[in-house]
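Okay, so here's the structure we're looking at.
The values are calculated or read from the model by the stated rules, or taken from the named source; none is laboratory data. As the structure is a prediction and not an experimental result, all values here were calculated from the model. Here Cβ is always computed from backbone atoms with ideal geometry, including for glycine, and neighbour counts include all displayed protein chains. All accessible areas refer to the heavy atoms of the entire protein, side chains included, with ligands and DNA or RNA removed. Shrake-Rupley method; radii C 1.70, N 1.55, O 1.52, S 1.80 Å.
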Amino acid sequence: MDVPPESKISRELDNQVNLAADLATRAPVWKSRPTRLELSFNNLCNLRCVMCAKSDGEPNWLLDQAAARGFLEEVLPTVLHWTPSANSEPLLNDLDAIAELARRHTVWLHLISNGTLLTRERYEKVRERLHLLWISLDAATPATFEHIRRPARWDEVMQNLRAVLPLALEDGVDVTLNFVLMSVNWMEAADFVRLVADLGVKACNIQELLPNSSSFEELRWEGKVEPARVAAVLEQAKEAAALRKVDLKLELRPPFQGFFGHNAVAETYKAPLAELRMRHAEAISRAFPLFCPMATTYLKVTPDGGVFPCCRGPEELRMGDARSERFAEIWNGEKFQEFRRRMFAADYPAVCRDCYILVGNQNFQRATRSRA
């Protein structure tokens, strides 16, 4: 049976109140439930990008279908955004099953794709429930793109984007193009923003490189490029964004981070309840700046059954196994309770202490400065 939209609204409003109470009372056992879910039925990908664990031969996993569906039936009633990824290409999932579950539970989809499989046919499968579409490009020229995102072909991806993006934008899908800043592509940051505009897209992210592959040290721009040169290119990217009216988010360490918005705030939304959740998350982060904003609403499930409180999913934060434990047992189990106690005490696990999601958050930075 489908979840009526009015039931989803009531659940979300109750969930927002419960989350505020959980945080205000510093409760280790939470009444609130996650509203953002990352769960893929597999971790398959058709690329071996140089900065990804796939380039090191990361093994493939398939999540047991019965276990996955049982877990989803427990968690989807309060979920607003579902990201069917696992360091993988989401379009290699069973899109019909994902779309049916999303429709039945009034859930919106957030796809993070490499664009190589983004055909009109696949887009149609998820079109009804698609809200956020992120495309990872990491380049502005064919040579750099094909060096990074192997064995993708620039012309094929551009053809897909030019066929699908107009449909997505017409549908009100929130489209963002992504660029990981590395030693092999930093010089193309401004041209990337211009490419975004040429494709008709109004938002892009330039992000820090994560240590996900054995090539991390080689790919870091730090220590190889003078910061002043990177700063100059990022200034050019900001100028291009202002000129072409593209929202630019720099998910980088200070002094480079920032959000540079150039589009008027939309008055209508394809997914108003999910948009409200995002606004509420910003308010929660301002009110409780020392608690990781992702850990308030996020749940990640990997195809080997691992359950984590954030998208980066470090092994140290594995909270349980979706293949053998029920969601409720994990969500308020001892590991999650201890994790929350440490968050409330600002006694962060080692893997959190330099994580951009926590320490890169400007609310966190202001709060820690005021405590100093």
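Of the residues contained in the stretch 266-274, one or more are found to be of a type in the set (Ser, Thr, Tyr) and open to solvent by 60 Å² or more (accessible area, probe 1.4 Å). The one condition from (1) modelled with pLDDT of 95 or more; (2) assigned to a helix (DSSP H, G or I) that MET51 does not meet is (2).
Taken over the stretch 68-94, the residue count meeting the criterion of being over 24 Å from VAL3 (Cα atoms) and polar (S, T, N, Q) is 2. Is the stretch 112-129 home to any residue that is among the aromatic types (Phe, Trp, Tyr) and over 30 Å from ILE284 (Cα atoms)? Yes, because at least one residue in the stretch 112-129 is among the aromatic types (Phe, Trp, Tyr) and over 30 Å from ILE284 (Cα atoms).
In the stretch 2-50, what residues are hydroxyl-bearing (Ser, Thr, Tyr) and closer than 15 Å to ILE284 by Cα?
THR25, SER32, THR35, listed by residue number.
Residues in the stretch 241-250 that are surrounded by fewer than 19 Cβ atoms within 10 Å (Cβ to Cβ) and part of a strand (DSSP E or B): ASP247, LYS249. Quick check on my filter: what residues within the stretch 9-38 are assigned to a loop (DSSP other than H, G, I, E, B) and within 25 Å of the chain's Cα centre (by Cα)? Once the filter is applied, which keeps residues that are assigned to a loop (DSSP other than H, G, I, E, B) and within 25 Å of the chain's Cα centre (by Cα), the stretch 9-38 yields TRP30, LYS31, SER32, ARG33, PRO34, THR35. The listed residues are VAL225, VAL180, VAL196, and the only one of them that is touching a residue at least 60 places away in the same chain (Cβ under 8 Å) and either surrounded by fewer than 19 Cβ atoms within 10 Å (Cβ to Cβ) or touching a Leu at 6+ places or on another chain (Cβ under 9 Å) (or both) turns out to be VAL180.
Scanning the stretch 300-312 for residues being touching a residue at least 60 places away in the same chain (Cβ under 8 Å) and not acidic (Asp, Glu) gives a total of 7. I'd like to check something: does the stretch 87-103 contain any residue that is under 19 Å from GLY320 (Cβ atoms), touching a strand residue (DSSP E or B) at 6+ places or on another chain (Cβ under 7 Å) and surrounded by 14 or more Cβ atoms within 10 Å (Cβ to Cβ)? No, every residue in the stretch 87-103 fails to be under 19 Å from GLY320 (Cβ atoms), touching a strand residue (DSSP E or B) at 6+ places or on another chain (Cβ under 7 Å) and surrounded by 14 or more Cβ atoms within 10 Å (Cβ to Cβ).
Per the listing CYS311, CYS292, the residue uniquely at pLDDT 95 or above and either under 27 Å from PRO59 (Cα atoms) or crowded, with 19+ Cβ neighbours inside 10 Å (or both) is CYS292.
Restricting the stretch 320-351 to residues that are among the aliphatic types (A, V, I, L, M) and within 21 Å of TRP30 (Cα to Cα), which is surrounded by the most Cβ atoms within 10 Å (Cβ to Cβ)? Only one residue fits best here, namely ALA322. When residues in the stretch 69-96 are screened for being among the aliphatic types (A, V, I, L, M), in contact (Cβ under 8 Å) with a residue 40 or more places away in the chain and farther than 15 Å from ASP304 by Cα, 4 of them pass. Can you tell me which residue in the stretch 313-334 is farthest from the chain's Cα centre (by Cα), limited to those that are within 23 Å of TYR356 (Cβ to Cβ) and assigned to a helix (DSSP H, G or I)? Ranking the qualifying residues of the stretch 313-334, first place goes to GLU316.
Among the residues making up the stretch 23-52, those that are open to solvent by 20 Å² or more (accessible area, probe 1.4 Å) and more than 28 Å from MET343 (Cα to Cα) are LEU44, CYS45, ASN46, ARG48, MET51, CYS52.
Screening VAL17 on (1) surrounded by fewer than 21 Cβ atoms within 10 Å (Cβ to Cβ); (2) in contact (Cβ under 8 Å) with a residue 12 or more places away in the chain; (3) within 19 Å of MET278 (Cα to Cα) shows it passes everything except condition (2).
A single member of LYS238, LYS224 is assigned to a helix (DSSP H, G or I) and within 30 Å of CYS352 (Cβ to Cβ), and it is LYS238.
Out of all the residues in the stretch 352-370, is one or more at negative phi, assigned to a helix (DSSP H, G or I), surrounded by fewer than 12 Cβ atoms within 10 Å (Cβ to Cβ) and aliphatic (A, V, I, L, M)? Checking the stretch 352-370: not a single residue is at negative phi, assigned to a helix (DSSP H, G or I), surrounded by fewer than 12 Cβ atoms within 10 Å (Cβ to Cβ) and aliphatic (A, V, I, L, M). ARG279 meets all of the listed conditions (1) touching a residue at least 12 places away in the same chain (Cβ under 8 Å); (2) within 19 Å of the chain's Cα centre (by Cα); (3) closer than 30 Å to ARG129 by Cβ; (4) open to solvent by 10 Å² or more (accessible area, probe 1.4 Å) but one, namely (1).
For the stretch 120-170, filtering for residues that are open to solvent by less than 50 Å² (accessible area, probe 1.4 Å), in contact (Cβ under 8 Å) with a residue 40 or more places away in the chain, under 20 Å from GLU100 (Cβ atoms) and out of contact with any Ser or Thr (no Cβ under 8 Å at 6 or more places or on another chain) leaves 3.
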